[in-house]
Amino acid sequence: MSRLIVVSNRVNPPADPGVATAGGLAMALAAALREDKGIWFGWSGEITEHFTGKPSIQKVGGVTVALVDLEEQDRAEYYDGYANRTLWPLFHYRTDLAAYERSFNEGYLRVNERFAETLLPLIRPDDLIWVQDYHLIPLASELRRRGVKNRIGFFLHTPWPARNVFNTLPRHLELVESFFAYDLIGFHTHDYLDAFSDYVFHEAGGEFEYPCARAFGRSVQLGVFPIGIDVDQFRSSLASKASLDYYERACVSKLNRKMLLGVDRLDYSKGLEERFLAYERFLDDNPDRAEQIFLLQIATPSRTGVDAYKDLRSRLDTISGRVNGTHATVDWVPLRYVNQPYRRDELSGIYRAADVGLVTPLRDGMNLVAKEYVAAQDEKDPGVLILSRFAGAAEQMKDALIVNPLSPEDVADAIRRGLDMPLSERRRRWQSLMHGIIKGDVTAWRDAFVSALRDGPGV
Ligand code: ADQ
């Protein structure tokens, strides 16, 4: 039986597979690797003076992980540079924030070569290789250059942007050409797949005949594999002590008010600023709701070394200060803005206590918070999900209240509708959303991708 080799920028199998603090993605990949006796390969997060090309191999939670250290220049150019300051903003339509520096591109290609070099001796002839995300797009072409004939798949966790956004990237054609060294490319949504094939047709002179794109004299299979959450693990975490404690703390602190909830990494793609402004608009326009509601926004800082993230944080501090300064009373804080990180089992209790989940990214590959919010609800009295049309999740979660996050009025209307929604409608919408979440859980996602990679397009 073939082994699975997962390659990602960072490697994070849960140390204890029974504890529900790790992400669903890490749990699902780790489970597959344990079953297949596979390997999870990636950057250790450590910096070394001189790159050695020798991985350190260890077992974590029953999974074999192979880690490689990088040099400081690699971290600066590949990770902070091309991944976080070029591709991330570009793939989220923020060309205004994208830095197009040649050294970043050189660092990106160098690290992909280094990954290939270090991984090569670990590969057996019938292994399946599954590469995760935008950090490692050129990895397959580097492996092919070194003679690897194995089936290699790639999954993109972010959106794939429209052609006229993507082609603002210098050397965009080269990056797309490197995709054609894969056997299979997976996207979260049809929209991203269409945008990719549109690029192949118009910019690369290729063609797309379902399920294969052809260009550069090669062919690659494309597929839509919407990621889900680990529903069973998530639902069972609701019975944990941490979850019950946080549920109770949140309920007690509500003081019979309705709670709106946002949970995000502090990232400009998540639409936090626009969400605060929409909430401010709601408070301005609905003075009769004062003291009856509050918004709890949990936004844990990420990529704190990048200027755009520091700027965002200071703008959010300003808006939240203004909202509370204008609207708060002696015993009511309308916006509770929290930067502290929470564990997943703690979060599940907080989700359950929320009457409205506000998930309004400006762009998001999928957005798992939307699915976790729904999965955490009490089926007898579920809350309402407000979801941005620009999250990949909106392609599946049509029974959420779908909004345009750029329109404060649109979001404010949905808040009003969510707060007033009758129980029968909340239950009907929740049942339909929950059905989709169970059917498309993270195991279904992983199995669908791995079988498609193993079996090929069958044409
Ligand atoms: P992220 O951008 O990190 O992931 P998302 O899918 O929303 O976005 O969250 C991933 C996980 O992080 C969730 O399990 C969530 O519980 C957790 N998380 C988010 N904010 C948190 C917080 N403040 N505190 C604690 N935990 C938090 C990328 C893409 C997404 C895509 C995923 C998976 O950007 O679009 O859905 O990968 O493919």
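None of the figures in this text is laboratory data; all of them are computed from the coordinates on show. Predicted model only: the values in this text are computed from it and were never measured. Methodologically, a virtual Cβ is constructed for each residue, glycine included, from the backbone with ideal geometry; neighbour enumeration extends over all protein chains shown.
In what sequence do Ser348, Ser407 fall when counting other Cβ within 10 Å, fewest first? Before the final figure, lay out each step's value.
On the way: Ser348 27, Ser407 14.
Fewest-to-most ranking of Ser348, Ser407: Ser407, Ser348.
Along region 357-372 the Karplus relation, 6.51 cos²θ - 1.76 cosθ + 1.60 evaluated at θ = phi - 60°, assigns HN-Hα couplings of x, 9, 10, 10, x, 6, 7, 7, x, 10, 5, 7, 4, 4, 6, 5 Hz to successive residues, with x for each Gly and Pro. Listed cross-link partners Lys37/Lys270; Lys37/Lys371; Lys258/Lys380; Lys37/Lys149; Lys380/Lys439 are compared with a 26 Å cut-off, the Cα-Cα value being larger for Lys37/Lys270; Lys37/Lys371. So which GluC sites (Glu not before Pro) in region 44-96 are both in a DSSP loop and have at most 10 other Cβ atoms within 10 Å of their Cβ? Hits after loop and neighbour filter: Glu49. For Arg151, the residues whose modelled amide H falls within less than 5 Å of its own, excluding neighbours fewer than 5 places apart on the same chain, are Ile129.
Here the residues Cys212, Cys251, ranked from fewest to most Cβ neighbours within 10 Å of their Cβ, fall in the order Cys251, Cys212. Along its first, second and third principal axes, ordered by size, region 250-353 spans 41, 31, 21 Å in Cα coordinates.
Beta bridges assigned by DSSP with both partners in the chain are antiparallel in approximately 20 percent of cases. Residue exposure proxy: His157, His188, His92, His50, ordered by other Cβ atoms within 10 angstrom of their Cβ from fewest to most, comes out as His50, His157, His92, His188.
For region 332-423, applying the loop criterion from DSSP together with a ceiling of 14 other beta carbons within 10 Å to the GluC sites (Glu not before Pro) yields Glu379. When each of the peptides 54-60, 254-260 is scored by the mean number of other C-beta atoms lying within 10 Å of its residues, the order from highest to lowest reads 254-260, 54-60. Relative to the longest principal axis of the Cα atoms of the chain, helix 24-36 runs at roughly 40 degrees.
Glu209 label point, 7 Å along Cα→Cβ, cut-off 20 Å on backbone N: hits in region 165-193? Only 180-185 fall inside the zone, counting backbone N under 20 Å. Full extension of the chain between Glu117 and Asp331 yields a length gain of 70.9 nm, computed as 0.36 nm times the residue separation minus the alpha carbon distance.
Label separation (Asp284 vs Gln431): 4.1 nm, computed from points 7 Å beyond Cα along the C-beta direction.
Taking 0.36 nm per residue of sequence separation and removing the Cα-Cα distance, the Arg416/Ala15 pair yields an extension gain of 140.1 nm.
Among 297-303, 338-344, the peptide with the highest mean count of other Cβ atoms within 10 Å heads the list, and the full ranking is 297-303, 338-344.
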